[in-house]
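Bear in mind these aren't lab numbers, they're just calculated from the coordinates by the rules spelled out. Just so we're clear, the structure is a prediction, and the values are computed from it rather than from any experiment. No Cβ is skipped: glycine too gets one built from the backbone with ideal geometry, and neighbour counts run over all protein chains shown.
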Amino acid sequence: MNSDRAGIRARAALDQWFVLVVVVLLALSAFGGWMTYSAYAAEPEPADQRTVEVWSTTGGYQHSATVQTPNPVFEVGEELTNQQLYYTRLMPELEGEFNYRYDGADGDVDVQTTLEQEVRSVDSDGNEYWSVTEPVAQERVEGLEPGDAQSIDFTVDVPGVANETDRIESSLGSTPGDIETVLVARVTVSGTIDGESVEHRDRYELLVEPDGDTYSVDGPMNERYAEERTETVDDDDVAAGFEPTDAAGGIVVLLTSLVALGVLTTKKYRGSLAPSQAELEAVQREHEREQFDDWITRGVLPDEVFTKPRVSVDSLEGLVDVAIDCDKRVIEEQTEDGPSYWIVDDGVLYVYEPVESVVEEVEGAEDDRDKFDDADETAGLDSSEAAVLGNAEEESVSQEDD
């Protein structure tokens, strides 16, 4: 019952807003067609690419200085590690090691490392005017595995470096730029990593700057280099520029909107979209019935009750008002023609029968069907047969009149 009522109300709303609904359905069908076309006619998109790391190297310095001179702050033999500043008189020698390793899926490489002490003059832009190089250490490792490290120890005599710098500067006289001392590690890697031939060189510098009673140290500890390559991501849908979900969604929207538009237009043309007056009245009666349900009881009246005087009420609401005034229940009796509502009070029957309009409409519909049947029968005859049938009907009428 509720679903029938909702259907009637929906038909009434569709009939009232028919033009707007048609416009919306046309817009939806156009949108579905555009989605479908776009999915099939889209230009192929560039394949997605990503950058992956093939192998990497890591190099850097670890340094320390041991206290050699008695003093009130540090104990003799105490080691200071990876400091930015050391004291020249207390710890004149800088010791340390240079470490180098590489990482990759697999590899077989030879690593050649040369460690040199270099005194040079450079300006703020990095331009080098002169340099003096002294070998410190050299080592070659063959067949170094991924993750294995190569280490080279070194020692720098800081007062000796300062004296060497002063000697060079005195011999040159005025020199442009600033004089600095660096420990330079030159690394050459050759072999095969991840199935590819490799010939790679790295350079790492450790700056040592004497400054009277102190000297500073600055250099990389774990400087990393990564060898990368670009790979294409395999994706058939992306490569083709075709999106199956967009195509399916567009087809569904297109077909659904076109079917709905066709059904709606057909019903509007045939006049079956808008609910009939009888349907609207039936909805109204159902609503009233639910509204006054607390005052109504279903039952069957005995035949002798119908001999009492009868008062017809034109609405269920009016009958409920009478029941309230009389302090009686409304009896709903079901008949072949539909429900009827009764109140028995002091020998008087109050009745509301909502079936009359329905009966009249049904009778009108039957008359219309009879007319259509007669028209169909006449349409099935040729002109002479129709004329004979007409004359026969006229004679029959004349005889009845006589």
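Full extension of the chain segment joining residue 272 with residue 76 gains 59.6 nm, where the gain is 0.36 nm per residue of separation less the Cα-Cα distance. A Förster radius of 51 Å combined with the Cβ-Cβ distance from residue 297 to residue 30 puts the calculated FRET efficiency at roughly 0.35. Once both labels are positioned 7 Å from their Cα atoms along Cα-to-Cβ, the gap between residue 88 and residue 148 label points is 4.2 nm.
For an R0 of 45 angstrom, estimate the FRET efficiency from the Cβ-Cβ distance between residue 251 and residue 317 and round to the nearest 0.05. Efficiency at R0 = 45 Å is approximately 0.30.
Across segment 52-232, Cα-Cα pairs farther apart than 29 Å form 33% of the total. In this simple spin-label model, placing a label point 7 Å from the Cα along the Cα-to-Cβ direction at both residue 259 and residue 284 gives a separation of 3.7 nm. Modelled label positions at residue 130 and residue 229, each set 7 Å beyond Cα in the direction of Cβ, lie 4.8 nm from each other. Database remark: amide H of residue 221 closer than 5 angstrom to the amide H of 61 (H placed geometrically; neighbours at sequence offset of 5 or more, or on other chains; Pro and chain starts carry no H). Charging the Cβ of each Asp and Glu at -1 and of each Lys and Arg at +1, and nothing else, the dipole of segment 52-232 about its Cα centre rounds to 340 debye. The spacing between segment 195-221 and segment 12-38, judged by their C-alpha centroids, is 73 Å.
Phi angles across segment 252-268 convert, under the Karplus curve 6.51 cos²θ - 1.76 cosθ + 1.60 with θ = phi - 60°, into 3J(HN,Hα) values of 4, 4, 4, 5, 4, 5, 5, 5, 4, 5, x, 4, 5, 5, 4, 5, 5 Hz, Gly and Pro given as x.
Distant-in-sequence amide contacts of residue 91, defined by a placed amide H-H separation under 5 Å and a gap of 5 or more residues or a different chain, comprise 68. Here residue 218 and residue 48 are evaluated by their C-beta separation; at R0 = 56 Å the FRET efficiency comes out at 0.85. With θ taken as phi - 60° and the Karplus curve 6.51 cos²θ - 1.76 cosθ + 1.60 applied, the whole-hertz 3J(HN,Hα) list for segment 152-164 is 10, 7, 8, 9, 10, 7, 5, x, x, 5, 5, 5, 5 Hz, x standing for glycine and proline.
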